[in-house]
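Please read the structure below before turning to the comments.
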Amino acid sequence: MAGTKIWTDVDYDRDGKQIGWLHLPHSVTRSAYGMIAIPVGVVRNGAGPTALFMAGNHGDEYEGQIGLLKLLRTLEADRITGRVIILPAINLPAAMAGARVSPIDDVNLNRAFPGDPAGTVTRQIAYYLDSELFPKADIVVDLHSGGSSLDYLPFASVHESPDAEVNRKGLAALHAFGAPLSLVWQTVPDYSYASHACMRHGTPYIGGEYGGCGRVSRQGVALVERGLARLLVHLGITDPASAPPDEPVRMVEFPNRDFFVYAPSAGLFEPARELGDIVRAGDLCGHVHFVDDPARPPVPSYFQADGFVVCKRHFGRVERGDCIAHLARDVVTTSG
């Protein structure tokens, strides 16, 4: 397309199943006319909705990458109506390095939207997504986890948009995905994120955190597989008979920054709480210890809100300002 250097050998409008690459020109000493080949799959059968599924936005988050590889190998065009675009490792340099950010330009893809066609590698990927793929999609699913530094209770999520219709469609899709823990992020929109870049196009976005600690969670992979199967049925892309059965869904929310706790100093963090623990504002989150200064008392950190621990720090060493935990709370519904 005009404006972007990325080109592809797949035809998004052709029926059938195609597996190919997005080719991003990248000239370096070892390869003067080199390309970064980002894998892409397209499964299409006639007119219908388009689902865009991607993982590897952060390269050290693995459950979504594995779930999408499994889906791409098994999904066939004669079993769908519409189109499914699958990007199992959209930030390929980061995925191959097992790193949150690209080793080429040290840019975080999920802070790079709307991107730049003349920018560094990561900003070109963001631009291609924002200008070419997000506008094609009726829904975008972007599969995350806590990566190397955080551990999460697995959940699917949506972000609140200023657009009520996008919110309605997003919440309906979240319920259809059917994760036992489903979260609504209510923070101020940040259009450098994929979530809000999608919603700027009027496209609902499903995210989520499906594990963490730089490992592969079997529970998280299973949750991804089950949720995507249910979502394809919800969109009308696959037959309702293929939908996994309903399970109870606990709706939770993240209303503001008070639900985050940050390290007050650099040192060794000793957590006082575990995932799933219920806490109150003022409860101890943990202590930072100073192995290089044994006489110095540890510095405590405290929760600033009521809720339950949905995320905690994995690495023991922290710097001031590192996230060491965050909370969620059950959605409170009112009647009348």
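The values are calculated or read from the model by the stated rules, or taken from the named source; none is laboratory data. This structure is a prediction, so every number in the text was calculated from the model and none was measured. No Cβ is skipped: glycine too gets one built from the backbone with ideal geometry, and neighbour counts run over all protein chains shown.
Overview of results
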{"quantity": "Subset tally (residues that are closer than 27 Å to PRO154 by Cα and surrounded by fewer than 17 Cβ atoms within 10 Å (Cβ to Cβ)) for the stretch 278-299", "calculated": "6"}
{"quantity": "Within the stretch 98-125, considering residues that are hydrophobic (A, V, I, L, M, F, W, C) and closer than 24 Å to PRO189 by Cβ, the one nearest to the chain's Cα centre (by Cα)", "calculated": "LEU109"}
{"quantity": "Residues located in the stretch 178-221, provided they are part of a helix (DSSP H, G or I) and either surrounded by 16 or more Cβ atoms within 10 Å (Cβ to Cβ) or within 15 Å of the chain's Cα centre (by Cα) (or both)", "calculated": "ALA194, SER195, HIS196, ALA197, CYS198, MET199, ARG200, GLY220, VAL221"}
{"quantity": "THR238, sole failed condition from (1) under 17 Å from SER157 (Cα atoms); (2) of a type outside the set (Asp, Glu); (3) surrounded by 15 or more Cβ atoms within 10 Å (Cβ to Cβ)", "calculated": "(1)"}
{"quantity": "Filter result for VAL310 (without any contact (Cβ under 8 Å) to a residue 40 or more places away in the chain and touching a strand residue (DSSP E or B) at 6+ places or on another chain (Cβ under 6 Å))", "calculated": "no"}
{"quantity": "Residue match in the stretch 148-157 (condition: in contact with a strand residue (DSSP E or B) (Cβ under 7 Å, 6 or more places away or on another chain), modelled with pLDDT under 95, over 20 Å from GLY48 (Cβ atoms) and crowded, with 22+ Cβ neighbours inside 10 Å)", "calculated": "no"}
{"quantity": "Any hit, the stretch 176-188, residues being over 14 Å from MET251 (Cβ atoms) and assigned by TED's automatic domain parsing to the domain that holds GLY146", "calculated": "yes"}
{"quantity": "Residue selected from the stretch 132-147 under the condition assigned to a loop (DSSP other than H, G, I, E, B) and in contact with an Asp or Glu (Cβ under 7 Å, 6 or more places away or on another chain), by the criterion surrounded by the most Cβ atoms within 10 Å (Cβ to Cβ)", "calculated": "SER145"}
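One line per residue, one yes/no per condition, for (1) in a strand (DSSP E or B); (2) not assigned by TED's automatic domain parsing to the domain that holds HIS144:
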| residue | (1), (2) |
| --- | --- |
| THR238 | no, no |
| PRO245 | no, no |
| GLN304 | no, yes |
| VAL309 | yes, yes |
